[in-house]
Amino acid sequence: MVASNALPLAIKLIYSHPEVLAKVREELADLPRAVKIDDIAHHDGKCALPYLEATILEALRLSPTFGLSLGRVVPSIGCQLNEYYIPPGYVVSMSGWATNINKDYFGEDAKEFKPERWIGNHPTELAKDDSGAPRTMRNYIEAGWFTFGAGSRVCIGRHLTTIAFTKFVGNIVREFDLEIVKEGYLWYGLIQHTEEMMIKAKVRDDKAAEVPVKDTVEVPVKAESAAVTAGI
């Protein structure tokens, strides 16, 4: 659900930021064929396509599916959150929409689409494994975002979702030029999804010989039409 709802916004973010699109394509240009899972999987802590991965993670940060607070009842022993004590029986909750753009954690540019924030190491913090190594920015951000929930209730399919999402979007960017014909709008309710967005897809000139499909096709994009989009 996270991937299907985030897909339209991810496409919109990437193609409306030419500098990001150019960097992703520059990275993909080194691949002699379509993106495969092995290109995304981490080997010795490294991914072969780090900028593509950072772009997808940043898009997911800015498009958490569940916006309503996920309430939990404080147990009988109470709950101590930093300097705050919460008595038993109270409901504690947090919203992914608000959490993921918290300026105190992500910085003053928290609402901006900046894949670079995921790359490299934290300027001051060390890894939590007592190794003395610097803490990666990915580890830091994932400790503070709420796209897939957190703690014992975190989404068990988050890694599969991220891999599939990265592979799919990576191949879309590699093969197609997309024009956003109609931006549509974000609909907020129990979940967040894009309504009435329309894109025009055209096989890139340097890929036309590799992709035997109709030159141009207009596709309505919304959460429910992710399967249609995949069939471009």
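Observations, loosely collected:
- Mean Kyte hydropathy of 1.0 or more with a Cα span along the axis of at least 27 Å, helices from DSSP in the chain: none
- Between Ser76 and Lys202, the contour length at 0.36 nm per residue exceeds the Cα-Cα span by 39.4 nm.
- Dipole in debye (nearest 20) - the stretch 86-167, about Cα centre, beta carbon charges: Lys, Arg +1; Asp, Glu -1: 320
- Taking amide hydrogens as placed 1.01 Å from N in the peptide plane, the amide H of His122 sits under 5 Å from those of Arg135, Thr136, Met137, each at least 5 positions away in sequence or on another chain.
- Considering only Cys47, Cys79, Cys155, the Gaussian network model of the chain with Cα springs below 10 Å gives its largest mean-square fluctuation to Cys79.
- Dipole-positive endmost among His122, Pro18, Ile156 within the chain (Cβ charges, Cα centre): Ile156
- Using 0.36 nm per residue and subtracting the Cα-Cα separation, the extra length available between His122 and Tyr188 on full extension is 20.5 nm.
- The chain: most fluctuating residue of Val74, Val24, Val173 per GNM, C-alpha cutoff 10 Å: Val74
- The label point for Ile86 and the one for Ala29, both projected 7 Å from the Cα toward the Cβ, are 5.0 nm apart.
- Given the chain, longest segment not containing exposed loop GluC sites (Glu not before Pro) (DSSP; at most 14 other Cβ within 10 Å): 1-82
- GNM result for the chain, Cα springs below 10 Å: residue of Leu160, Leu21, Leu13 fluctuating most strongly: Leu160
- For the stretch 17-103, the Cβ-based charge dipole about the Cα centre amounts to some 320 debye (Lys, Arg positive; Asp, Glu negative; other atoms uncharged).
- Shape of the stretch 1-146, Cα gyration tensor, a/c cut at 1.5: prolate
- Taking every alpha-carbon pair under 8 Å whose residues sit at least 6 apart, the chain reaches a relative contact order of 23 percent.
- Inter-label distance for Lys103 and Lys36, nm, one decimal - labels placed 7 Å from Cα along Cα-to-Cβ: 4.7
Each reported figure results from applying straightforward, stated rules to the coordinates on display, with no laboratory input. Fair warning: this is a prediction, and the values are worked out from it, not measured in the lab. Backbone-built Cβ (ideal geometry, glycine too); neighbour counts: all protein chains shown.
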